[in-house]
Structures are given as structure tokens and as C-alpha cells.
Amino acid sequence: MPKLMMLIVGGPNGAGKSSITNSVIDLFGQTLTKLNADERTIELRALYPEKPLPELNLMAVQQIDSEVENSIVAGKSFYVETVLSSSKYRDDVLEAKKNGYKFALIYVSVYPPELSARRVKDRAKKGGHGVDVSKVIERYHKSHEQLKWFADQADMFLVFDNSTFNKPPILLAEKFAGQEIVHHVKGSNPEVDRVVAVLQKNRAKNPTP
């Protein structure tokens with residue numbers, strides 16, 4: 001594996017990013033600093049119990065974003081967990097690649113979108129981080145839209161479907177630098193199918209020399 005690695009673990013709220021990451025992180029054969037806004041919020045909550053949760057969430061996101069940038073400047077390998085519902089990490093990916101990093105992306109999806117909202121609601125009932133249902137659905141669609149760009153940039157890309165309760169996640173597709181994307185499972189997750197189709201189209205237009 002390369003000396004410098006930037007790994008994004010992305011996917012909708014409630015998709016199960018953390019649990020899947022723990023099972024595949026050993027693939028990288030090195031220690032990667034973990035950057036996670038939800039976990040940072042919990043840490044900040046203990047430090048500032050008087051502050052409202054939205055303020056703590058914002059503080060956590062700002063801190064993690066800053067640490068991503070600082071890690072790239074310092075030449076530290078890291079991974080960041082994110083819903084990936086915005087383009088904010090695009091500049092970081094491009095800067096990391098310019099500085100000799102390999103960029104890997106692990107994406108965890110579920111289908112249909114309502115499943116994402118239902119899992120977040122169940123998580124909140126158990127004391128976990130809650131998110132408004134309409135926001136979960138909105139982020140779900142934005143996340144899969146952003147996935148097209150990030151997957152296209154990735155030197156290594158794995159996308160899993162984690163829709164089935166109490167069963168291992170399914171590897172839907174994978175891509176390695178200089179190789180065609182391999183679409184292992186079609187039809188179970190239409191959102192991912194659409195993303196893979198875009199990646200295949202982009203590859204056909206711009207083949208690697």
C-alpha cells in the first residue's frame with residue numbers, strides 16, 4: 001500500500017458505515033487516523049454539557065474539516081466518515097492526490113431511501129444521533145449524486161449494500177486504478193446501479209492510457 005492514504009467512508013445516514021469500515025480497514029495495511037464528526041460531537045458534549053446539540057454538531061464538523069486539511073498538509077494518512085451529501089471534500093481529494101496521496105473510497109448504501117430514515121429513527125430511540133426524516137431522505141439522494149464524482153476520482157472504490165438486516169453486506173461493485181469497474185450485483189440497489197452506469201460511461205469516454 002502507498003505511504004500516504006486518504007480514505008473516505010461514505011454513505012447515507014444509518015447505512016452502517018462504521019461497522020463495515022471496522023471489517024475492511026485492515027485491507028490498507030497501515031494505521032489511519034480516524035476522523036468522525038458524530039464521535040467528535042459526543043466528545044464535545046462531555047466537555048460542554050451546557051451547549052445545545054446543534055451548536056456541538058457544527059463545532060464537530062468544523063473541527064473534522066480542519067483536521068482533514070491539516071492531515072494533508074502534514075502528510076498523515078487518515079480516513080474520514082461522512083454522509084457525503086455535499087461537495088466539500090472535493091478540494092481535499094484533489095489536494096491530497098496532488099501531494100502524492102492515494103485516494104480510496106468505501107461507500108455503504110441501502111435501498112430504498114426510507115430504510116435509511118427508519119434506521120436513523122431506531123438509532124435515536126436507543127440514544128443515538130437523531131436526524132429529521134426529511135433531511136435523511138434529502139441527504140440520501142444528494143449522497144448518491146456526489147458518489148459519482150468521488151468514485152470517479154478514487155484509486156480504489158468499493159461499494160456495499162447493507163439493506164438486509166442480520167446478513168453480511170453485499171459488495172455491489174469495485175474499481176481499482178487503471179482497471180475497469182466490476183459490477184458484481186445488479187438490480188438490488190437501483191441507486192448504486194445508476195452510479196456505476198455513469199462511471200462506466202465516463203470510463204468509455206476517457207479510457208486510461
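The values are calculated or read from the model by the stated rules, or taken from the named source; none is laboratory data. Values in this document were obtained by computation on a predicted structure and should not be read as measured data. For neighbour counting, all protein chains shown are included, and Cβ atoms are generated from backbone atoms with ideal geometry for every residue, glycine included.
Descriptive notes on the structure:
- Among the criteria (1) in a helix (DSSP H, G or I); (2) surrounded by 14 or more Cβ atoms within 10 Å (Cβ to Cβ); (3) not basic (Lys, Arg), the one ALA204 does not fulfil is (2).
- Contact map, region 176-189: first residue closer than 19 Å to ASN202 by Cα, second residue among the basic types (Lys, Arg), Cβ cut-off under 7 Å, separation 6 or more or different chains; pairs are GLU180/ARG203; ILE181/LYS175; ILE181/ARG203.
- Any hit, region 135-142, residues being acidic (Asp, Glu), modelled with pLDDT of 95 or more and either surrounded by 14 or more Cβ atoms within 10 Å (Cβ to Cβ) or out of contact with any helix residue (DSSP H, G or I) (no Cβ under 9 Å at 6 or more places or on another chain) (or both): yes
- Residue in region 173-183 that is acidic (Asp, Glu), within 14 Å of ALA15 (Cα to Cα) and in contact with a strand residue (DSSP E or B) (Cβ under 6 Å, 6 or more places away or on another chain) present: no
- Restricted to region 20-132, the set of helices (runs of 4 or more DSSP H) holding at least 1 residues that are on the phi > 0 side of the Ramachandran plot and crowded, with 19+ Cβ neighbours inside 10 Å is empty.
- Residue in region 176-193 that is polar (S, T, N, Q), assigned to a helix (DSSP H, G or I) and surrounded by fewer than 16 Cβ atoms within 10 Å (Cβ to Cβ) present: no
- The set of residues from region 70-119 being under 17 Å from the mean Cα position of the chain (by Cα) and of a type in the set (Asp, Glu) comprises GLU81, ASP91, ASP92.
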